[in-house]
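Visitor: Would you mind keeping the following structure in view while I ask a few things?
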Amino acid sequence: MKQFGIFIQKEFYHILRDRRTLLILLGMPVVLVLLFGFAITNEIDNARIAILDQSKGEMSQEITQRLVASGYFLIDENLQEIAQIEQHFREGKTKMAVVFPSGIEEDKRRNLPTQIQLIADATDPNTATTLINYASAIIGQYAQEQARGQALPMQIRTEVKMLYNPRLKSVFLFVPGVMTVILMLVSAMMTSIAITREKELGTMEVLLVSPLKPAMIIVGKVIPYILLALANTVVILLLGTFVFGMPVRGSLVLLALECLLFVITALALGILISTRTDSQQVAMLISLMVLMLPTILLSGFIFPIESMPKVLQVISNIIPAKWFIIILKNVMLKGTGIEFVWKESLILAGMTLFFIGASVRNFKTRLE
Amino acid sequence: MLPAITTDKLTKRFGDFTAVDQITFEVNKGEIFGFLGANGAGKTTAMRMLNGLSRPSGGQAAVAGFDVYRETEKIKKHIGYMSQKFSLYEDLTVRENIQFYGGIYGLPGKEIRRQVQELIGGLGMQAYANTLVKSIPLGWKQKLSFSIAIMHRPEIVFLDEPTGGVDPITRRQFWEMIYKAASEGMTVFVTTHYMDEAEYCDRVSIMVDGRIAALDRPRALKEQFGAGSMNDVFLQLTRPKP
């Protein structure tokens with residue numbers, strides 16, 4: 001046990017003396033969360049729109065006011081003719097244009113169906129769809145209010161309720177995602193580099209000739225990174241909660257345990273990588289290509305798994321991050337207990353055992 | 001008295017290639033045993049089988065009386081090892097390296113503190129005690145490595161080309177340290193390229209293509225081959241026959 005303590009102390013010397021890496025490890029989560037939280041966002045807030053009002057009537061005024069009052073839109077300019085619309089889009093001044101044709105007041109008086117045109121800049125499809133949806137909803141509501149008191153054919157009103165994230169804040173998705181990426185990076189990449197470094201320097205050989213058990217060497221090497229990863233988790237959660245108002249509705253204990261489970265999964269992967277290569281560079285490349293890319297792209301962090309091609313959907317099942325993100329969303333946003341995430345937890349635990357088993361098979365106590 | 005190391009037809013094959021081919025020898029206790037050979041002759045592979053890093057493909061061997069197949073854990077407690085690559089941690093200080101290696105060999109805290117004083121004092125490194133190892137001169141690093149490899153008083157110490165790239169004066173000092181360790185009863189098993197170092201050994205074996213081509217005291221070998229120096233002996237053995 002004393003030997004073990006001394007070994008861990010040595011690992012901390014390595015980590016603490018490599019100031020630049022330490023700074024990256026501790027600074028990166030903060031930067032990523034702030035970046036994703038503030039800069040990269042799907043929320044619509046004061047989107048600039050243009051109005052082309054050919055009717056010059058009461059209705060177009062009221063609808064425009066409602067659009068502005070919603071807080072989602074900001075009138076950039078009142079256009080005079082159709083030709084201006086395209087130019088406006090080309091200049092990038094606006095995301096959406098609303099066209100009120102000249103006949104709408106007449107249609108209203110005669111109680112006929114009428115039309116308002118919404119034109120959106122679909123170079124960014126997500127934003128365009130969201131803008132159109134918001135605007136349609138506002139206009140639809142207006143139409144229904146106008147129709148009140150009049151005999152109308154049967155109508156269905158849809159009442160939408162966005163559960164768990166009523167304001168559709170994208171930070172609710174990014175915090176679990178960033179957490180997953182960071183834990184993967186710190187646990188898998190850093191441990192695989194730390195272990196291969198000892199091989200590259202030749203100190204691993206000396207350790208293996210010493211009375212230290214190989215398992216103890218590996219466990220001793222990963223423990224500091226477990227602590228580092230958990231410290232990062234706390235930082236990300238605090239930022240998410242206090243800066244972005246992200247709730248943690250489920251039990252903190254369960255959340256901590258699930259994080260620990262995922263850290264161990266990632267560590268097992270890191271160890272597996274380090275058993276396959278003797279060079280730090282190769283270890284880093286494998287970590288980036290085989291671990292980080294799928295973690296970012298296929299886990300549902302950035303692209304919804306449901307909208308992926310079937311093949312990628314199947315592949316996403318072997319990405320540990322996918323299951324961890326599901327667990328995080330459940331525990332943090334829905335506040336569910338273990339009874340709803342035990343399956344995902346079990347999958348992660350199974351993967352971990354598999355990686356450890358494969359590592360043990362690969363680990364060459366006797367460096368052949 | 002049991003010999004420190006015995007091997008009987010010890011063999012290591014990598015696929016079709018036989019790196020070490022049925023070598024048989026004994027190393028006596030307290031002896032400085034030189035293990036010579038050209039690059040790729042199988043020296044390092046043979047040494048790795050003895051210190052438990054590599055599992056033999058055939059034959060028998062015992063180190064400090066323990067079997068290399070079944071008792072590697074026991075062997076590890078009785079040997080010291082200094083690898084070909086530099087084996088100290090560059091981002092730890094001299095003192096921390098000594099404390100670390102003392103610790104993993106299970107020396108008690110009091111003993112470690114004593115060793116720190118003794119080693120640093122003995123090497124005249126007081127000024128460097130709290131310096132990171134990466135900033136001390138290579139010669140001192142090698143001497144420090146050796147002192148650390150024997151700080152837990154092993155019965156046998158394996159040195160894999162310990163003096164590579166070191167200046168002649170430091171090499172000389174290094175060999176004085178080896179002599180001192182041997183005079184205290186430690187068995188020294190050393191591989192080297194330097195033929196002048198071979199002359200310092202009690203006995204040498206010369207490996208050629210995985211086999212032991214000659215094994216005796218340096219003087220006896222020179223007589224046997226009618227050579228003036230170990231260098232000539234080595235060349236006669238390793239030069240391709242016409």
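Rule-based calculations on the coordinates, nothing more; no lab input. Quick caveat, the model's predicted, so the values are computed rather than measured. Here Cβ is always computed from backbone atoms with ideal geometry, including for glycine, and neighbour counts include all displayed protein chains.
Visitor: Which helices pass in chain A if a helix is a full DSSP H run, must span at least 24 angstrom along its long axis by Cα, and must have mean Kyte-Doolittle hydropathy not below 0.5? Don't skip to the answer; put the middle values down first.
Guide: Details: long enough: A:125-147 (32 Å, -0.10); A:214-244 (44 Å, 2.10); A:252-276 (36 Å, 2.25); A:338-362 (35 Å, 0.97).
For chain A, where a helix must reach 24 Å along its axis and average at least 0.5, the hits are A:214-244, A:252-276, A:338-362.
Visitor: Report the charge-dipole magnitude of the protein assembly as shown in Debye, nearest 20, computed about the Cα centre from +1 at each Lys and Arg Cβ and -1 at each Asp and Glu Cβ. Write out the running numbers ahead of the final one.
Guide: Numbers: 63 positive and 55 negative charges, 284 e Å.
The dipole of the protein assembly as shown has a size of about 1360 debye.
Visitor: Using +1 at the Cβ of each Lys and Arg and -1 at the Cβ of each Asp and Glu in the range B:140-222, identify which of B:Gly185, B:Trp140, B:Leu221 lies farthest towards the dipole's positive end.
Guide: Result: B:Gly185.
Visitor: Moving on. What is the extension gain from B:Glu118 to B:Glu73, computed as 0.36 nm multiplied by their sequence separation minus the C-alpha to C-alpha distance, in nm to one decimal?
Guide: Details: separation 45, 0.36 × 45 = 16.20 nm, distance 2.84 nm.
Going from the current span to full extension adds 13.4 nm.
Visitor: Hey, another quick one. Which one of B:Met230, B:Tyr69, A:Thr295 has its Cα pushed farthest toward the positive end of the charge dipole of the protein assembly as shown, where Lys and Arg give +1 and Asp and Glu give -1 at the Cβ?
Guide: Positive-most Cα among the choices belongs to B:Tyr69.
Visitor: Here is a follow-up. Taking H as built 1.01 Å from N, whose amide H comes closer than 5 Å to the amide H of B:Gln22, not counting residues under 5 places away?
Guide: Amide H to amide H, under 5 Å and 5 or more residues apart or across chains, B:Gln22 pairs with B:Thr11, B:Lys12.
Visitor: Right, here's the next one. Relative to the longest principal Cα axis of chain B, at what angle does helix B:168-183 sit, 0 to 90 degrees, rounded to 10?
Guide: 90
Visitor: Shifting gears a bit: For the Cα atoms of chain B, what angle does the longest principal axis make with the long axis of helix B:109-122, in degrees from 0 to 90, nearest 10?
Guide: The angle comes out near 70 degrees.
Visitor: Just from the alpha-carbon atoms, what are the Rg and Dmax of the range B:1-136 in angstroms?
Guide: 18.1, 52
Visitor: Per residue, how big is the convex hull of chain B when only Cα atoms are used? Give it in Å³. Intermediate results must be reported in sequence, preceding the final value.
Guide: Working: hull volume 32.6 nm³, N = 242.
Dividing the Cα hull volume of chain B by its residues yields 135 Å³.
Visitor: For the range A:3-65, just the Cα set please: Rg and Dmax, both in angstrom.
Guide: That works out to 27.4, 85 Å for Rg and Dmax.
Visitor: Here's something else I'd like to know. Could you work out how much longer the chain between B:Arg239 and B:Glu223 gets when fully extended? Use 0.36 nm per residue separation minus the Cα distance between them, nm to one decimal. Don't skip to the end; give the middle numbers.
Guide: Values: separation 16, 0.36 × 16 = 5.76 nm, distance 1.86 nm.
So the extension gain works out to 3.9 nm.
Visitor: Using the alpha carbon gyration tensor of the protein assembly as shown, what are the three equivalent-ellipsoid semi-axes (square root of 5 times each eigenvalue), largest first, in whole Å? Before the final figure, lay out each step's value.
Guide: Working: eigenvalues 1113, 105, 97 Å².
Working through the eigenvalues yields semi-axes of 75, 23, 22 Å.
Visitor: Using Cα pairs closer than 8 Å and at least 6 residues apart in sequence, work out the relative contact order for chain A, in percent.
Guide: The normalised contact order for chain A reaches 18 percent.
Visitor: Still on this model: At 222 nm, what helix-only mean residue ellipticity would the protein assembly as shown give, in deg cm²/dmol to the nearest 500, using -39500 (n - 2.57) for each DSSP H run of four or more?
Guide: Working: 25 runs with 313 residues, N = 610.
Value at 222 nm, helices only, nearest 500: -16000 deg cm²/dmol.
Visitor: For A:Lys334 and B:Ser57, what is the calculated FRET efficiency with R₀ set at 56 Å and r taken between the beta-carbons, to the nearest 0.05?
Guide: Working: r = 59 Å, r/R0 = 1.05.
So, using R0 = 56 Å, E works out to roughly 0.45.
Visitor: Let me ask another. Can you pull the Rg over Rh of the range A:269-366, Cα-only, Kirkwood? List each step's numbers first, then the result.
Guide: On the way: Rg = 15.5 Å, Rh = 15.0 Å.
Taking Rh as the inverse mean 1/r over Cα pairs, Rg/Rh reads 1.04.
Visitor: What does DSSP give for the range A:47-147 in terms of the percent of beta bridges that are antiparallel, rounded to the nearest 5? All intermediate terms of the calculation are to be shown ahead of the outcome.
Guide: Details: 4 of 15 bridges.
Here the antiparallel bridges make up roughly 25 percent for the range A:47-147.
Visitor: HN-Hα J couplings of the range B:216-230 from phi, Karplus 6.51/-1.76/1.60, θ = phi - 60°, integer Hz, Gly and Pro as x?
Guide: 5, 5, x, 5, 4, 5, 5, 5, 4, 9, x, 10, x, 9, 4
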